[in-house]
Amino acid sequence: MAVTTFANHKGGVGKTNTVEALAAALAAEGRRVLVIDLDPQGNLTRRMGYQEHEVESRPTIAEAIREHSPQALRASFLPCQWEPDWAANITLVPSRIELEERVAEAGVPLSWQRLHKALGQVAPEFDDVLIDTSPTIGHLLHLALVASDYVIGSTSPTYDAVRGIYRLIKFVNDADQRAGLGLRCEVIGVVVNFKRAGVANHETRTESLVKRLGDLVWEPHMPLRAGIEDADERAEDPLGVSSEARDIIKLRAARFLKAVAA
Ligand SMILES: Nc1ncnc2c1ncn2[C@@H]1O[C@H](COP(=O)(O)OP(=O)(O)OP(=O)(O)O)[C@@H](O)[C@H]1O
Ligand SMILES: [Mg+2]
């Protein structure tokens with residue numbers, strides 16, 4: 001069992017889509033997957049089938065962190081609502097806007113360990129734990145990183161998004177941050193989304209990413225496709241988008257399994 005955080009210090013780069021797609025591929029292979037929506041926007045929660053009003057008066061990740069107990073985390077569990085049978089292998093820890101309130105606890109000693117504490121006894125019940133994050137390098141990301149074994153960066157092939165990946169990697173590898181927060185996680189991959197063939201800027205950005213990070217950049221890249229956005233809009237399973245998207249997602253899942261087994 002491994003806990004993996006998906007992040008970038010840049011918004012709208014496909015982080016949530018990467019998490020839901022990987023969760024789908026792992027679940028379709030029969031793995032038991034826990035996905036944690038650690039973004040107050042709650043996009044993953046909505047895309048797995050729950051509108052804002054449906055999680056308004058029930059426990060979410062916000063309460064699990066406040067209580068930092070396995071019981072509170074379990075109380076938040078919801079089944080993924082996608083149609084295929086394998087969706088039953090995915091358990092969602094939903095989020096709602098109240099998660100923003102946890103940020104105020106940033107100065108409380110050891111508050112950054114709260115998700116790790118809540119996950120402690122729970123994580124071993126799953127094969128994979130995937131954490132979706134918001135595009136900040138603040139307390140919410142700290143909570144995710146402290147709880148994680150691995151980190152995967154998700155980016156578009158554009159200047160600001162790639163800079164966001166470099167800042168994320170710098171933060172995770174910074175000796176003072178590692179010691180201060182007690183991080184043990186390592187960056188195992190960077191995935192590129194929204195790639196447009198024949199767009200010079202996308203080629204340049206992808207090449208510079210590979211030049212700097214080498215094998216850490218996973219191939220193949222996910223192209224920009226309207227069907228991917230449509231499926232997210234309709235809260236549908238990402239494997240059903242197209243055979244092209246499914247093949248890329250499955251290759252990512254294979255690479256993921258190899259990386260976490262290493
Ligand atoms: N390969 C793609 N092709 C087309 N649309 C995509 C692709 N990947 C993601 N999208 C869409 O782009 C938008 C942003 O993606 P997503 O929400 O996954 O990014 P994010 O990094 O999680 O954003 P945020 O920083 O707000 O959490 C969504 O509408 C999503 O459906
Ligand atoms: Mg997101």
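The values are calculated or read from the model by the stated rules, or taken from the named source; none is laboratory data. What you see is a predicted model; the values in this text were computed from it and never measured. Every residue, glycine among them, receives a Cβ derived from its backbone with ideal geometry; neighbour counts consider all protein chains shown. Only protein heavy atoms, including side chains, enter the accessible area calculation; ligands, DNA and RNA are left aside. Shrake-Rupley method; radii C 1.70, N 1.55, O 1.52, S 1.80 Å.
Summary of computed values
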| item | result |
| --- | --- |
| Computed [θ] at 222 nm, helices only, for the chain once each DSSP H run of length n ≥ 4 contributes -39500 (n - 2.57) | -12500 deg cm²/dmol |
| Whole-number D in µm² s⁻¹ for the range 101-196, Kirkwood Cα-pair radius fed into Stokes-Einstein, 20 °C, 1.002 mPa s | 149 µm²/s |
| Kirkwood hydrodynamic radius over Cα pairs of the chain, then Stokes diffusion coefficient at 20 °C and 1.002 mPa s, in µm²/s | 118 µm²/s |
| Packing-based order for 110-117, 176-183, using average beta carbon neighbours within 10 Å, highest first | 110-117, 176-183 |
| Packing rank of 64-73, 149-158, where each peptide gets the mean count of other beta carbons within 10 Å, highest leading | 149-158, 64-73 |
| Over 23 Å [Cα-Cα, the range 28-141], rounded percent | 24 percent |
| Average accessible surface area per residue within the range 61-208, 1.4 Å rolling probe, Å² | 42 Å² |
| Value of Rg/Rh across the range 5-65 [Cα atoms, Kirkwood radius] | 0.97 |
| The chain - percent of accessible surface contributed by carbon and sulfur, probe 1.4 Å | 48 percent |
| Kirkwood hydrodynamic radius of the range 109-262, from inverse mean 1/r over distinct Cα pairs, in Å | 17.0 Å |
